[in-house]
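Okay, structure first, notes after.
The values are calculated or read from the model by the stated rules, or taken from the named source; none is laboratory data. Keep in mind that what you see is a predicted model, and the values were worked out from it rather than measured. Don't worry about glycine lacking a Cβ; one is built from the backbone with ideal geometry, like all the others, and counts go over all protein chains shown. Surface areas here come from the heavy atoms of the whole protein model, side chains and all, with no ligands, DNA or RNA. Shrake-Rupley method; radii C 1.70, N 1.55, O 1.52, S 1.80 Å.
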Amino acid sequence: MDQGKTPRPGFFRCLQNVVGCAIVLGLFAVCSLQIAGAQSSPVHIRFDADSRVFRIDAANTTYVLGINENQQVQTLYWGRQLAEGDHFSAAKAMPEAASFDLSVNTTPQEFVGWGGGLYVEPDLKITFPNGNRDLVLKYLSHKIEGDQLSITMKDISLDVYVTLQYKADGETGILRRSAEIENRTDAPFTIEQVFAGTWNLPRGTDYRLRYLTGRWAGENTVQEQPVHPGKTVLESRRGTTGAQNNPWFAIDRIGNNDAEDGNVWFGALGWSGSWKITVEQDQLQQVRVSGGPNSFDFDYRLQKGEHFQTPYFYGGYSSDGIGGASRLLHRFEIDSLVPHAPHPALRPVLYNSWEATGFDVNEAGQLALAEKAASIGVERFVMDDGWFGQRKDDRAGLGDWYVNPQKFPHGLKPLIDKVHSLGMDFGLWVEPEMVNPDSDLYRKHPDWVLNFPDRPRTEGRHQLVLNLARPDVRAYVFQFLDKLLNENDIAFFKWDYNRNWSEPGWPAVASEDEKKVYVDFTRNYYSILEELREKHPKVEIESCSGGGSRVDLGVLRYVDEFWTSDNTDAFDRLLIQNGFTYAYSPGVMMAWVTDSPTWVNNRTLSLPYRFLSSMQGSLGIGANLNKWTTEDFATAKQMIAQYKAIRETVQRGSLYRLITPEHDSEQSVTESVARDGHQAVVFAFLHSSMEGYPYPRLYLRGLDAHARYRITAMDGKPANGTPAEASGAYWMEHGLDVQLRGDFQAAAFTLERQ
Ligand code: DGJ
């Protein structure tokens, strides 16, 4: 699996390659890296051969690990950057706490095999052909190369090699970790659990864990709980990421109510298959977080000579509270992860026909919508489900990716040409990994779906999951997507995925290899995306899974945006979008303005309210424009123009969640500050006024105290007496009062630096 991206040019490369502990002991080496480029900070990776301590400094973070006397790789420090001269003495393995808690459990290791009496979560568990299941990994060698450190470990007797890989990001201090397992024995062995590694936090009993839970149309609920003795498992067993848990965590201290201050350790797993993150406070109060592909119903037979590369587990530290942690992730995603990083294009304002037409798409109907969309300033027109095969509803057609001749008798070209002539580019919905039993593809290849022979094939939304791990399925999917792009001027795919797995069998391979499907499916998913992008470098892709069920840092390396939720109720969206931004940038968060009352809650919301809710992310329109009044069009045109003037600030700037809509809050307020500080944008929402109380005063963040800012209302009004212009100090310390009264009210302001 190609997990990596080509390193950015301009590196001053520093290479140290030391093989064998004996040689290491005789050396002292320091290696540092300066990343070229005005915005990048240096990464320093150093190794002290006397103490056998590695120190990684990047941005505001220091990470220290050492090789102890048992040759284990032990975590020594993870937190705020330390002083240059701070010295770490050699790592010392912790003693056994009792005969029940051997040293292997009490010592915080970076990556630990299951063996030697281990009871805490292992990073690697293997069964060997002779029945042996004991694996004890010891340091062997290391290599420092630029901003990357790799440490190779080996089992005490067997030729099982594990290379721990660390890559530090100079701008954010975020570390990317993974492990490569290599079978140099003379027989296959079976991996039963394989993680990217373990993050060990400073010992403590006062930690709070935040994570995201959800469901279809209710994604990204922020959960908070103390880190208790025992284990919390966040996971998906569904074949893909899922919305029930998102592979992200953040840990800070219980009782810290300042979202912008205090230590936070956070991480996110870059994997779109079934996954698992365990947060464990062990019997000696050590807190460990481990993660990788889910080990449930999984194993992976690694043949002699083969390697297994784990997904990446990203981790970071912020001293600026949970808000700072989110901003580091946002910055990392936009500058280092997404395709075209560090300069991805701003998200265009798009129109999508799904809520307007459902499956009932045809040339005339789409053309009419396209004309209306263009008239309000939309930049991308996307045709959703229903254009292909015999797709009249969700019962048929998936898998047959030819243009439906009744709906589009002249193919897609007339529609695409018209969309172009209206000044927009064209996007198309696809759901490549799925098939309806009522399709030509399934009639021809019933063996292509996940299945156990002679067992039911459970349908979800009348569809089955194609086994993308199969080379022929992978080839078919790539070929039809490639053909669509070759034959049509398509700028954008909305790649959908509308159910989870059932009966995850792969009868075509040996039974010992069937459970590889969890990994090989996801690897092929990535490889298709990667190959498509290589061949069609201009195409953009949205990851959608019935809303936000495939949102993670694994797929974000290959897609430009996420569909956040099928729930487009602008009030519900405040909560869903709020949770999303804990882990993911507003620059990849698609938010449509749709019709009112909403299909979700039958709630009536004004058009400006709906716009302001969506303008906090990457704006789209999903309403039925055929029903809009002249006044609606005028409002939309004005708000889209306003959005274009602030979108760089929203999509690239620093986000401050001034008031979160969590815990049934009556208000929700976000502020985004442009990277160069020239502009700040404030969005304020009121659920309902109570007992005549005024709206809370808003204390802005992230402004230059000494600069002056002029306030302009995009919608709504500041309170009477608000100065037209004031210092950053005024807006941050005195604050901003806004006039918001009533139910479901919203206002938005820009502050331009003078
Ligand atoms: C689920 C998506 O989330 C919707 O936006 C829409 O594309 C439908 N699928 C189409 O079937």
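Regarding the range 488-590, what's the average projected area of the Cα-atom convex hull, expressed in nm²?
With the hull built on Cα positions only, its mean projection is 8.6 nm².
I need the calculated FRET efficiency for the pair Ser527 and Glu459, taking r as the beta carbon distance and R₀ as 30 Å, to the nearest 0.05.
Computed FRET efficiency for Ser527 and Glu459: 0.65.
On a C-alpha basis, how far is the centre of the range 135-185 from the centre of the range 522-593 in Å? Whole number, if you could?
Result: 30 Å between the Cα centres.
Taking Lys717 as the anchor, which aspartates and glutamates have their alpha carbon closer than 18 Å to its alpha carbon, excluding any fewer than eight residues away along the same chain?
Glu671, Glu725, Asp737, Asp743, Glu752
Whenever you get a sec, compute what percent of the accessible area on the chain sits on carbon and sulfur atoms (1.4 Å probe).
Reported share for carbon and sulfur atoms: 50 percent.
Name the trypsin sites (Lys or Arg not before Pro) in the range 693-754 that are in a loop by DSSP and that have at most 15 other C-beta atoms within 10 Å, would you?
Arg697, Arg741
Classify the range 350-657 as rounded, prolate or oblate, taking a ≥ b ≥ c as the square roots of the eigenvalues of its Cα gyration tensor: rounded when a/c is under 1.5, otherwise prolate if a/b is larger than b/c and oblate if not.
Note, shape of the range 350-657 comes out prolate.
Considering only DSSP beta bridges whose two residues both sit in the range 350-657, what percent are antiparallel, to the nearest 5?
Once the DSSP bridges in the range 350-657 are tallied, antiparallel ones form about 20 percent.
Between the range 216-269 and the range 635-685, what is the C-alpha centre distance in whole Å?
24
What per residue convex hull volume, in Å³, do the alpha-carbon atoms of the range 359-439 yield?
Cα convex hull per residue, to the nearest whole number: 79 Å³.
Leaving ligands and nucleic acids out of the surface, order Glu235, Glu69, Glu542 by accessible area at 1.4 Å, largest first.
Glu69, Glu235, Glu542
Between the range 354-371 and the range 594-629, what is the separation of their alpha carbon centroids in Å?
17
I need the calculated FRET efficiency for the pair Lys717 and Asp297, taking r as the beta carbon distance and R₀ as 45 Å, to the nearest 0.05.
Rounded to the nearest 0.05, the efficiency is 0.20.
Using only the Cα atoms of the chain, what semi-axes does the equivalent ellipsoid have when each is the square root of 5 times a gyration tensor eigenvalue? Give whole Å, largest first.
Equivalent ellipsoid semi-axes, largest first: 43, 35, 22 Å.
Binning every alpha carbon pair distance of the range 30-337 at 20 Å from zero, what are the percents per bin?
Spelled out bin by bin, the range 30-337 gives 33, 60, 6 percent.
Rounded, prolate or oblate for the range 665-753? Axes are the square roots of the Cα gyration tensor eigenvalues, ordered a ≥ b ≥ c, and the cut-off for rounded is a/c under 1.5.
Judged from the Cα gyration tensor, the range 665-753 comes out prolate (a/c at least 1.5, a/b above b/c).
Averaged per residue, what accessible surface does the range 30-337 expose to a 1.4 Å probe, in Å²?
33
Would you mind checking the range 691-708 for residues with the amide N under 18 Å from a putative spin-label position 7 Å along Cα→C-beta of Ala724?
Only 708 pass the distance filter.
What is the spread of the Cα atoms of the range 417-521 along each of their three principal axes, largest first, in whole Å?
54, 24, 23
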